[in-house]
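A.B. asks: Here it is, the structure, as structure tokens.
The values are calculated or read from the model by the stated rules, or taken from the named source; none is laboratory data. Quick caveat: nothing in here was measured; it's all calculated off a predicted structure. Please note: Cβ atoms are built from the backbone with ideal geometry, for glycine as well, and neighbour counts cover all protein chains shown. We work out accessible area using only protein heavy atoms, side chains counted, and drop any ligands, DNA or RNA first. Shrake-Rupley method; radii C 1.70, N 1.55, O 1.52, S 1.80 Å.
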Amino acid sequence: MGGASPISSLRAGLSAAALTTTLVCTVLSTLHGCSKPAPPAPSDLFAQAQAQEDGTNGPPNIDAAVTLYERAAEGRNLGAIHRLIALHRSGWNGRQPNRVALQRWLGEAAQLGDADCALELAGIVARGNGVSTDEVDATRWYRLAAEAGSVEGALRFGLRLADGIGTAKDTAAARGWLEKGVNADPALAARRLGMLLSEGAIGSSNDGEAARWMRMAAERGDAIAQHRLGQFLIEGRGCALDAGEAVVWFRLAADGDLTDAQVSLALALRDGVGVKTDASEAIAWLERAAAKGSPVAQLLAARMYDDGDQVARDPVRAAALYAMASAQGSVVASVSLGMLQSAGDGVARDPQAAAKLFLGAAERGDPDAQLMLGRLLLAGEGVQQNPREAAAWFSKASDAGLADAQYELARMYEFGSGVTADSAQCNALYRSAAEQGLPDACYVLGWRYDHGQGLPESDLEAAAWYRAAAEQGVPHAKLQLGVLYERGDGLPQNDAVAAQLYLDASEQGLDWAQFFLGQMYRRGAGVPYDMIAAYAWLNLSASAGNPSAAHERNQLRGKMTKEDIAKAQDLSLRLLKVSPEEALQNRQRYLPPGQRKLGVSQASTLQPTESTRRAIGADDSGRGSGNSGSGSGRSRSSGSGRAPKTPSIPR
């Protein structure tokens with residue numbers, strides 16, 4: 001048979017068609033990507049994760065849900081990120097919270113503009129809550145929160161700009177952000193705005209606007225703002241001066257336990273500013289603030305107790321409070337405590353402990369401490385006596401303008417103690433101290449004019465300086481001024497004025513004043529003639545060791561009855577207005593400083609050396625002789641009768 005059968009032809013056609021179909025399907029499949037299914041969308045993954053967590057299609061499976069949440073979060077699905085934040089914050093299936101993961105997902109949410117997450121992350125990083133503290137990073141997150149519209153973020157970012165925390169300080173920008181964040185914490189924002197404006201941190205100071213912001217904060221209960229507003233009112237800064245309202249705000253803040261306000265309230269009560277004076281309430285507030293550790297309150301309360309200022313003097317309590325403030329670095333308290341220790345007032349006398357306190361404060365540049373340390377070195381109390389070192393410390397305090405130190409150094413130059421005697425230098429120092437009104441310097445400068453000691457002799461200058469000292473109660477100045485009045489030297493002659501000046505000095509224990517007053521009673525010059533009074537004053541002067549007075553008294557004895565002598569002797573026991581010890585101190589007030597010790601060099605340059613530090617710090621140091629300066633005074637002989645032109649009165 002010559003041709004193909006019909007069946008064979010049919011089979012061949014079907015095979016060709018199948019092949020064609022297969023090829024077409026392969027091509028279409030390739031063109032449509034049918035070889036790899038499309039990945040699920042983040043929203044689908046989030047939905048699947050929720051179903052896994054909720055157990056919608058079977059038992060809940062949080063681990064599987066977390067995996068799906070992470071896949072959705074990587075696709076920037078904010079809902080998934082929020083669930084991861086919640087899960088990592090609390091932990092699940094017995095797992096502990098994961099701070100690192102929490103920080104990561106909070107950051108992802110913040111980058112997507114979630115202000116709350118940015119704020120939370122900033123707080124975590126700023127506090128170092130489970131992560132390392134990073135102020136720069138914290139400020140960046142606060143800024144993101146602020147820029148995303150968070151008022152809390154605006155406030156926190158503004159505060160950081162104001163203080164320069166984690167960013168450059170920018171008070172102008174801080175003001176804008178604080179104003180945007182004022183609703184987050186009106187009291188805090190208003191107070192900080194008030195402070196920036198009052199301190200001139202934003203251009204020139206604006207006290208009026210500052211006071212407005214401060215009042216806004218104060219009225220919302222901010223204790224710091226209440227105290228600052230009180231200060232504005234008591235000073236009349238940016239508002240009308242009103243001390244009464246100031247005290248009201250001080251009291252509110254003090255009741256809120258703000259120690260600065262307690263101190264301000266105490267001062268107002270102590271001084272009667274805006275309120276009736278009440279020292280007992282004042283000291284109570286100071287004690288309350290002192291107990292909380294306020295060195296200012298400790299110092300102020302100590303001063304009140306030390307001086308007996310409106311309260312009973314209590315040096316024991318004063319010393320305790322000074323010690324508290326000193327331990328917190330108060331130089332003034334250290335010096336004051338040292339003074340009590342040096343005198344044994346309220347505490348056991350301990351010159352060595354005082355010297356250590358004075359040294360610490362002196363090395364920090366405190367002139368009062370330098371003065372007190374110099375005095376201990378000069379006297380040899382608490383440290384080995386060393387006039388040269390004393391002069392060096394006096395010099396430092398003198399250069400700082402301290403009148404007492406200028407006076408002490410002048411005395412050393414006058415007597416050549418620790419330094420080479422130098423009349424010109426001592427006069428310059430005496431004058432500098434006298435021009436500051438120091439009574440002793442006024443007296444000595446007058447004496448040097450009176451006696452031509454390195455200065456031209458001048459009764460007029462002497463009288464002027466004696467008067468300046470006498471008006472401040474210096475008994476020696478009253479004595480010398482009385483001599484000028486009695487003699488009529490530089491002043492109009494006036495026995496009555498002279499007698500009154502002699503009386504004032506006599507009652508303070510000056511034997512030469514007693515001698516001259518006795519002579520005036522004996523003559524009836526300036527006072528009524530009175531042999532009993534004359535004998536009494538001469539007897540008192542003689543008992544102080546004045547030989548001229550003893551001679552004149554003995555002459556009177558032969559002219560008086562035994563009864564009159566007994567009356568005079570009894571009277572002499574009641575004439576002094578000071579104790580015998582105080583009278584002796586008054587008589588020795590101007591003796592030379594200390595005793596010049598053999599072998600002590602007198603350097604021309606005055607700089608403290610390490611010897612003082614070593615002496616004070618050594619275990620066996622500070623046990624000096626205690627010599628307080630017992631050198632002999634200078635005197636010239638005098639006879640009886642009127643005061644001589646140059647009386648024999650020790651300086």
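A.B. asks: Pull out the extension gain between A47 and D163, defined as 0.36 nm times the separation in residues minus the alpha carbon to alpha carbon distance; nm, one decimal.
C.D. replies: Length difference between fully extended and current span is 37.2 nm.
A.B. asks: Using a cut-off of 12 Å between beta-carbons, work out the net charge of the residues near Q370 (Lys and Arg +1, Asp and Glu -1, Q370 not included). If you can, show how the numbers build up before the last one.
C.D. replies: Working: positive: R364, R375, K396; negative: E363, D366, D368, E389, D399, D404, E408.
The answer is -4.
A.B. asks: Okay, moving on. Rounded to the nearest 20 debye, what is the charge dipole size of the range 416-569 about its Cα centre when +1 sits on each Lys and Arg Cβ and -1 on each Asp and Glu Cβ? Show your work: numbers first, answer last.
C.D. replies: On the way: 12 positive and 18 negative charges, 115 e Å.
That gives the range 416-569 a dipole magnitude of about 560 debye.
A.B. asks: Okay, moving on. Might you report the magnitude of the Cβ-based charge dipole of the range 184-269 about its Cα centre, with Lys and Arg at +1 and Asp and Glu at -1, to the nearest 20 debye?
C.D. replies: Dipole of the range 184-269, to the nearest 20 debye: 120 debye.
A.B. asks: Shifting gears a bit: Which of the peptides 105-114, 89-98, 159-168 is most tightly packed, and how do the rest follow, judged by the mean count of other Cβ atoms within 10 Å per residue?
C.D. replies: Highest to lowest by the protection proxy: 105-114, 159-168, 89-98.
A.B. asks: When the label point is put 7 Å from the Cα of K577 along its Cα-to-beta-carbon vector, which residues of the range 506-538 have a backbone N closer than 11 Å?
C.D. replies: Flagged as within label range: 506-509.
A.B. asks: If you take the beta carbon distance between D530 and A421 as r and set R0 to 51 Å, what does 1/(1 + (r/R0)^6) give as a FRET efficiency, to the nearest 0.05?
C.D. replies: 0.65
A.B. asks: If you count, for each residue, the other Cβ atoms within 10 Å and average over each peptide, how do 452-459, 379-386 line up from highest to lowest?
C.D. replies: 379-386, 452-459
A.B. asks: Same structure again: Can you work out the FRET efficiency for the pair Q569 and A284, with r the C-beta to C-beta distance and R0 = 45 Å, to the nearest 0.05? List each step's numbers first, then the result.
C.D. replies: Numbers: r = 53 Å, r/R0 = 1.17.
Taking R0 as 45 Å, the efficiency between Q569 and A284 is 0.30.
A.B. asks: With unit charges on the beta carbons (Lys and Arg positive, Asp and Glu negative) and the dipole taken about the Cα centre of the range 238-342, which residue among G293, A282, A268 sits farthest to the positive side?
C.D. replies: About the Cα centre, the residue reaching furthest to the positive side is G293.
A.B. asks: For the range 200-287, which whole-number percentage of the solvent-accessible area (1.4 Å probe, protein heavy atoms only) is attributable to carbon and sulfur atoms?
C.D. replies: Roughly 50 percent of what the probe reaches on the range 200-287 is carbon or sulfur.
A.B. asks: Which net charge results when you count Lys and Arg as +1 and Asp and Glu as -1 among the other residues whose beta-carbon is under 9 Å from that of A301?
C.D. replies: On the way: positive: R303, R317; negative: E287.
Once all neighbours under 9 Å are counted, the net charge is +1.
A.B. asks: Here's another thing I want to ask about it. Using a Förster radius of 41 Å, what is the FRET efficiency between L460 and D314 based on their Cβ-Cβ separation? Nearest 0.05, please.
C.D. replies: Numbers: r = 48 Å, r/R0 = 1.16.
FRET efficiency, L460 to D314: 0.30.
A.B. asks: On to the next question. In square nanometres and to one decimal, what's the mean projected area of the convex hull around the Cα atoms of the range 167-255?
C.D. replies: Working: hull surface 22.8 nm².
For the range 167-255, the mean projected area of the Cα convex hull comes to 5.7 nm².
A.B. asks: Cβ neighbours within 10 Å, averaged per peptide: list 223-232, 414-423 in order, most packed at the top.
C.D. replies: Top of the packing list down: 223-232, 414-423.
A.B. asks: Also: Around Q231, with a cut-off of 10 angstrom between Cβ atoms, what is the net charge of the other residues, counting Lys and Arg +1 and Asp and Glu -1?
C.D. replies: Result for the neighbourhood of Q231: 0.
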